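What follows is calculated from the coordinates using simple rules that are stated; it is not laboratory data. Just so it is clear, the structure is predicted and the values come from calculations on it, not from any experiment. For neighbour counting, all protein chains shown are included, and Cβ atoms are generated from backbone atoms with ideal geometry for every residue, glycine included.
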Amino acid sequence: MLLRLNTADNRPLHEQVAGAIRRAITEGECVPGDRLPPARDLSQALGVNVNTVLRGLRALRDEGVLEFRRGRGVTVTHEAAGRAELVDRLRDVVADAARLGYGKSDVIDMIRGIP
């Protein structure tokens with residue numbers, strides 16, 4: 001799994017770590033049941049403190065994307081697959097909207113207007 005953080009991003013590092021893992025899941029680099037590398041390895045690869053990585057992992061656990069199992073590490077849950085499918089469908093919506101001349105902000109406004 002290849003993760004990268006954007007140094008120009010002003011979001012907190014733990015949110016960037018969680019976002020990078022979410023992207024890896026939605027892009028199919030990690031599938032449900034896959035085990036993530038240990039937090040220490042991730043922290044070294046990303047160049048951040050291990051506690052920063054753990055905070056990002058806990059946020060994903062709280063969202064139901066990851067599962068922590070003693071002795072088995074951190075694994076991607078089956079619910080994560082549903083999220084990946086939703087993201088794929090949203091990409092299609094954004095692409096259709098762009099063909100019709102709408103931007104991402106227009107799509108967001110449309111979504112907000114749905115009861």
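Projecting label points 7 angstrom from Cα along Cα→Cβ for Glu15 and Asp62 puts them 1.3 nm apart. Judged by the mean number of other Cβ atoms found within 10 Å, the most tightly packed of the peptides 52-63, 14-25, 30-41 leads the ranking 14-25, 52-63, 30-41. Relative contact order of the stretch 44-99: 18 percent, from C-alpha pairs under 8 Å at least 6 residues apart in sequence. Estimated purely from DSSP H runs of n ≥ 4, each contributing -39500 (n - 2.57), the mean residue ellipticity at 222 nm for the chain is -18500 deg cm²/dmol once divided by its residues. Result for the chain in a Gaussian network model with C-alpha springs under 10 Å: among Gly71, Gly82, Gly28, the largest mean-square fluctuation is at Gly71.
With both labels modelled 7 Å from their Cα along Cα-to-Cβ, the Glu79 to Val50 distance reads 2.8 nm.
Counting every alpha-carbon pair across the stretch 22-77, the share separated by more than 16 Å comes to 40%.
A crude spin-label estimate for the pair Ala95 and Arg35, with each label 7 Å from Cα along the Cβ direction, gives 3.5 nm.
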